[in-house]
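Asker: This is the structure, below, for whatever I ask next.
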Amino acid sequence: MQTPTLAASPAAAGAFVRQQLAETLPPPASTAGAIGWLRKNLFGSLSDAILTLLGITIIVYTVWSILDFTVIRAVATGINGDACRKPGAGACWPYVTSFWRLFVYGYYPPAEQWRANVVFALFIGLLIPLAIPSAPLKLLNVLLFLFGLPIAAGIILPGGWFGLVPVETQLWGGFLVTLIIAVTGIVASFPLGLLLALGRRSNMPAIRFLSVVYIEFWRGVPLITVLFLASNMLPLFLPVGWNVNQLVRALVGVTLFTAAYIAEIIRGGLQAIPRGQYEGAQALGLGYWRMMVLIIMPQAIKIVIPSLVSSFISLFKDTTLVQIVSIYDLLGTIQQSRNSPIWSAPTTSTTGYLVAALIFWTCCFSMSRYSQFIERRLNTGHRR
Amino acid sequence: MMEPKASAPPGAGERRHWLTDPVFRSVVFQSLALVAMAVIAWMIVADTAANMERQHVSVGLDFLAENTGFDLAQTLIPYSTASSIGRALFIGFLNTVLVAILGIVFATIIGLVVGVARLSSNWVISRLATAYVEIIRNIPLLLQLFLWYFAGLGVLPEPKFSIQPVPGWVFINRRGLVFPEMLMGPATRWALVIALVVAIAATIAIRVWAKRRQAATGRIFPVGWVGLLLIVGLPLVAFLALGADLKLTAPRISVFNVSGGTTINPELVAMLAGLTFYTASFIAEAVRGGILAVSHGQIEAAKALGLSGGQTLKLVVMPQALRVIIPPLTNQYLNLTKNSSLAVAIGYPDLVYVGEVVFSKLGHTMEVIALWMIIYLGTSLITSFFMNWYNRRMAIVER
């Protein structure tokens, strides 16, 4: 900063006149720098200081307990649970390394597990460009993800075509099933949810009534009862002689259930579109479907992307419930293997659950971060 | 807002072909939809009837009067293996209600504290609250229940080596939390109930009076403290006045078993812990959102008036934030109630668990599932009705 010099007036000549402004002093040490930050944010008052110390104690204790269990006292190698059964042993990692194939693929035959890998690779290969807003060919990408991926997975995983050995769905399991249920649940329920949302906002009372009944019914009952319904009753609802396998039953249940939630999310988006957009479309002479497809839906769906992601997160977490109807997803395979006679030890269960928790947490946390990123991106016009 | 009606301009009706007439189309579409629904419903009913006839299964609610023949771990009302299936299901329902109400109370308290803590100016506290929310809500509830139940139970000792917070009286072991059974004479019991009712009524009366006085004079009366004192103190006084008529029976601990005393089952503790901490992380987010929605000028004005931090929160921020918080809070309460159905996975005898035992042992799957759905749907609808009423009462009255 330029220091302004005081104009030397003739009258002041001879007398002492300070020619320059005093240098600006730095702020007191107690309000600036690390100490200032500490005083302001941690030790502002006595109660603040107590809270801070309490918080630090909790953090240190938690971090230490986790470190102690997963690293310091942990058993790193072994061919069975003997080492883990010793008193004071921590996490039983060899249990995880010996069962990781079960956690990822379930009982899918080891010789055929490359097929599951192909599906994983396709999923990731399509998901990454889909998630990057500036990636090209977005429409093709979306269509491939929504239609190509399920069809490809539907051919590759069960097999029976093109010389692939058939693999019964009872053998599928682990993370593979978690992914299948979550993705199918959201992809298959989307069209139904869209129609229900439109139905709920329709001018036709009968259509509106049917949509409201559907949505409120599925939103009012817990997913577990829906899964029990699907797995026990679905075969009864179908014509005599039709047989549906357990996985498909669960998928039907999850889809019907999720559709109601998606319908409510999309309805929220539809309600946020100003009336002028509808009137503008009608003034242009567009009919109902063209108005919806060309004008309203693109705007409404863009608004609700963050909510759709959070509904996907909760669906992803809810896939763990399918083990109650004997489909073994990631958590289900842990639940099945944790008490195996070879590995059973006081800490085996905790180790398995921690691994599952870490996997679920990583997936869900990154999705929620992504949804916040999209929200900020879409929100640029209104940011202050 | 409904979609604007596509109304034909005046005079256009005569020139319009009947096929493109909106009224005609609307009638046709709705009739088609209703007919389609009726056909689907008829097909499902017909198929189900055919399937059931083939499997020689009959439908009806008569089975509710039959004997169960199985035992239940936690019963709030008397029950034995000779009780009816209907009674067993009712016990399951009571257990669901118990865990839902306790869970809602605890989750609200923790959620409120964590939500406020996330906005604290104390860096450590706000980070700690953020970490809590981000970790807990991104891990499936079922996994958390397993962690509490299977991993937690693995750590607890056998009855012989119980942890004894009050030696000889309170025991913590694999059978749960065991504490002394309390027996009171009928007079004391009634006196306690009456004292409690009187204390609650007095607190409400004081609250009304204090509100009126505050409106008239501006002076604040500490209703919360006085109420707490009344609700704790009055029953205590009544209890002591009647000669402290209380008989404590300490539980007896043998090598593998516990006899006597009152036991809180580990299933209930695990359910409560799981539901409470999971739901609290969502409630905390709702609370944070609500507080952030209060305009900052309100807080500055409160500070300018000389209100303390606590007073600002209690008198200025919370009443306004509540309006924003209530709708998502209702949703979380309903979610908690529905999530209590995960009890079936850890063996807490709630409605779903009992129902599952009934149909896996005795059949009648269809009726049990229908009962579940009616009860949960009813609970959801009643709760949302009540919360909507409360929400309307709390909403800003525009003048």
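The values are calculated or read from the model by the stated rules, or taken from the named source; none is laboratory data. Values in this document were obtained by computation on a predicted structure and should not be read as measured data. Heads up, the Cβs are rebuilt from the backbone with ideal geometry, glycines too, and the neighbour counts pull from every protein chain shown.
Asker: Six or more apart or on different chains, Cβ under 8 Å: which pairs go from a residue in the range A:350-367 that's under 18 Å from A:T333 (Cα atoms) to one that's charged (D, E, K, R) and part of a helix (DSSP H, G or I)? Could you list them?
Answerer: Final answer for the pair search is A:F360/A:K317.
Asker: Quick check on my filter: what residues within the range A:97-109 are at negative phi and not in a helix (DSSP H, G or I)?
Answerer: Within the range A:97-109, A:Y107, A:Y108, A:P109 meet the criteria.
Asker: Does the range B:248-261 include one or more residues that are among the aromatic types (F, W, Y), surrounded by fewer than 13 Cβ atoms within 10 Å (Cβ to Cβ) and modelled with pLDDT of 80 or more?
Answerer: no
Asker: Looking for whichever is under 24 Å from the mean Cα position of the chain (by Cα) and within 11 Å of chain B (Cβ to nearest Cβ) here; the options are A:Q277, A:Q271, A:Q335, A:Q299. Which one fits?
Answerer: That would be A:Q335, the only listed residue that is under 24 Å from the mean Cα position of the chain (by Cα) and within 11 Å of chain B (Cβ to nearest Cβ).
Asker: With exposed (fewer than 12 other Cβ atoms within 10 Å of the Cβ) and over 30 Å from A:L164 (Cβ atoms) as the only criterion, which of A:I124, A:I58, A:I72 stands out?
Answerer: That would be A:I72, the only listed residue that is exposed (fewer than 12 other Cβ atoms within 10 Å of the Cβ) and over 30 Å from A:L164 (Cβ atoms).
Asker: Between a residue in the range A:74-96 that is part of a helix (DSSP H, G or I) and any residue that is surrounded by fewer than 13 Cβ atoms within 10 Å (Cβ to Cβ), which pairs come within a Cβ distance under 7 Å, given they are 6 or more apart or on different chains?
Answerer: Cβ pairs passing all conditions: A:W93/A:A76; A:P94/A:T77.
Asker: Something else: Return the only residue of B:V97, B:V116 being under 23 Å from the mean Cα position of the chain (by Cα) and crowded, with 18+ Cβ neighbours inside 10 Å.
Answerer: Only one candidate passes the filter, namely B:V116.
Asker: What number of residues within the range B:168-217 satisfy the criterion of being within 30 Å of B:A273 (Cα to Cα) and outside any helix (DSSP H, G or I)?
Answerer: Matching residues across the range B:168-217 total 16.
Asker: To continue, here is another question. State all residues of the range B:292-332 that are touching a Ser or Thr at 6+ places or on another chain (Cβ under 8 Å) and surrounded by fewer than 17 Cβ atoms within 10 Å (Cβ to Cβ); if no residue qualifies, say none.
Answerer: B:K303 - this is the single residue of the range B:292-332 that is touching a Ser or Thr at 6+ places or on another chain (Cβ under 8 Å) and surrounded by fewer than 17 Cβ atoms within 10 Å (Cβ to Cβ).
Asker: I've got another one for you. Looking at A:V293, is it at pLDDT below 90, within 22 Å of A:G193 (Cα to Cα) and not acidic (D, E)?
Answerer: It is true that A:V293 is at pLDDT below 90, within 22 Å of A:G193 (Cα to Cα) and not acidic (D, E).
Asker: Only one residue in A:G163, A:G173 is in contact with a Gly (Cβ under 9 Å, 6 or more places away or on another chain) and farther than 21 Å from A:V309 by Cα. Which one?
Answerer: A:G173
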